[in-house]
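This report concerns only the one structure given below.
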Amino acid sequence: MKADPELYIQRQIVRRWKSEANNSTDLVAVFSPYLTSKTADTVLLAVSRRSRCEVHTIFEPEVFVTGASSIRTLKRLAVAGIPLFSLTDLHAKVIVVPGQFASIGSQNITAGGTTRLEANVATADAEKVDAIWREVKPWMKERKPITVEMIEDMERLTRPLIRRMKKLRRAMDGVTKEVETNEANRRRERERREQEAKQREAEREAKRRKFYDLRRRTTRVWDEAIPKSQRIIYAHVVPNEGRWKKYSLKPVSTGNMTSWRLDNGERVTFPRLDFCVCMIHGEWSLAFVRVGKGVISFVQNSVRRTAYREVAGMRCTLAFSTQFTNWKEDDDTDGPNLFCDLGLAGLRGSLTIPCWFHLDGIEMFDPTIKPGYSSTEESLRTWFTSNSSEIARHLIDNFTAPFRYSDGSLDSYSARSFFGDAWTRYRLEAAKVAGHPILVARKRD
């Protein structure tokens, strides 16, 4: 037993229309803004008493010029004896066989209506059919007959407009295609950017993990593998008196910071007036500090070894710059703690090598290469790759070696720029790396 009312959602109702129209013994009232052949022929020409099939539609040039409705279909129906009526502002799609059947929905009696997403409801319940008929019957007071002569006039007068519309439609199709093409390009661009963003985030995450592991490794090396000083000096950052308003790192009580003895019995001495390597425990940022007996006032973040050195068969100058956490705008510690510049003699160019110094060695990353007149990027990269172990050994030895400025200058940064704000507290320990003294400062709460 069929449900009543019956829904036709993405189902064809045309056969039901044809069946009900064919079985009608009296009036068939059709309200369809648009009509086109095949579908209209199938439904409307199936009516046994065609003079009792009254079709209400829109009879305006626009619907025929745009192709929404077919003037030829109307002419064929009129010639077949089916009464046609114009009903202005018609939008509803309704078929009523009074006392027998009614359907209401979105589907016109057109070929397009059979392929689009349409929804209709049909009922054979007499009370429901009568209720629908009572509502739509008053519309018929506003209808106007459509004659064959009117159809022929409309056909003749719209013919040139239809030709223009075909050209316009081709132009509109071109607009649609261009809009769709542009949107497809924008979508691909958005997808490309999203993919690049994901790739950058993956690279950032890999970088964070890499340098997190390097910090942990450096901590393990310090805690487990490096001979350290037997004593600890507690110190804090203090403002200096005087007009220069500098800051220094000073012991909380007395303590000589230039002379230490390691737990393996070896002595470590920080040369007077020389800058030596200092590291902040945990984050393992680096700086060059001038260690006095009772004060550290001068801090540098770079040094250039101007004398040429033989490195893996190349005469080079070496320069080192460190990454202070305090000096980074975004306070990002996920990066190298040291950069090494190798200037190659003979106009061969230079290499800038990001590094991580982890006390028992140095890890080098992919260098930025600027070839000179007598070299190529490929030849310098081959030289770097083939001699990486020897290059790393030279970098460690030259980086950790104490230095002083050739003119005796002490021009540098305040201790605050590396050790932090006033009264930041540290515990200081000394060690020796590559035969050179280094200082390690661990923050205290």
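Any read-out appearing in this document is the output of simple, stated calculations on the displayed coordinates, not a laboratory observation. Quick caveat, the model's predicted, so the values are computed rather than measured. Reconstructed Cβ throughout: ideal geometry from the backbone, glycine too, with neighbour counts over all protein chains shown.
So here's what we get for this one:
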{"quantity": "Bridge type composition, the stretch 9-138 - antiparallel percent by DSSP, nearest 5", "calculated": "60"}
{"quantity": "Cα-based convex hull, the stretch 123-185, per residue volume (Å³, whole number)", "calculated": "191"}
{"quantity": "Ranked list, fewest to most other Cβ atoms within 10 Å of each Cβ, for ILE151, ILE396, ILE109, ILE9", "calculated": "ILE9, ILE396, ILE151, ILE109"}
{"quantity": "Debye log10 I(q)/I(0) for the stretch 11-72, one point scatterer per Cα, at q = 0.25 Å⁻¹", "calculated": "-1.06"}
{"quantity": "Residues LYS198 and VAL252, FRET efficiency given R0 of 45 Å [Cβ-Cβ distance, rounded to 0.05]", "calculated": "0.35"}
{"quantity": "Cβ-based charge dipole, the chain, positive-most Cα from LEU380, VAL148, PHE365", "calculated": "LEU380"}
{"quantity": "Given charges at beta-carbon only (K, R positive; D, E negative), |dipole| of the chain in Debye", "calculated": "480"}
{"quantity": "Residues in the stretch 70-114 that a label on GLU127 would reach, taking backbone N under 17 Å of a point 7 Å out along Cα→Cβ", "calculated": "99-102"}
{"quantity": "Shape call, the stretch 6-146: gyration tensor on alpha carbons, a/c limit 1.5", "calculated": "rounded"}
{"quantity": "Total charge dipole magnitude, the stretch 6-146, about the Cα centre, Cβ charges on Lys, Arg, Asp, Glu only, Debye to nearest 20", "calculated": "460"}
{"quantity": "Under 27 Å between alpha carbons - lysine pairs in the stretch 227-444 that sit 8 or more apart or on different chains", "calculated": "19"}
{"quantity": "Relative contact order of the stretch 230-321, defined on C-alpha pairs under 8 angstrom at six or more residues apart (%)", "calculated": "20"}
{"quantity": "Global form of the chain, assessed from the alpha-carbon gyration tensor, a/c cut-off 1.5", "calculated": "prolate"}
{"quantity": "Residue order, fewest to most beta carbons within 10 Å, for LYS246, LYS144, LYS198", "calculated": "LYS198, LYS144, LYS246"}
{"quantity": "Relative contact order of the chain, pairs being alpha-carbon contacts under 8 Å that are 6 or more residues apart, as %", "calculated": "12"}
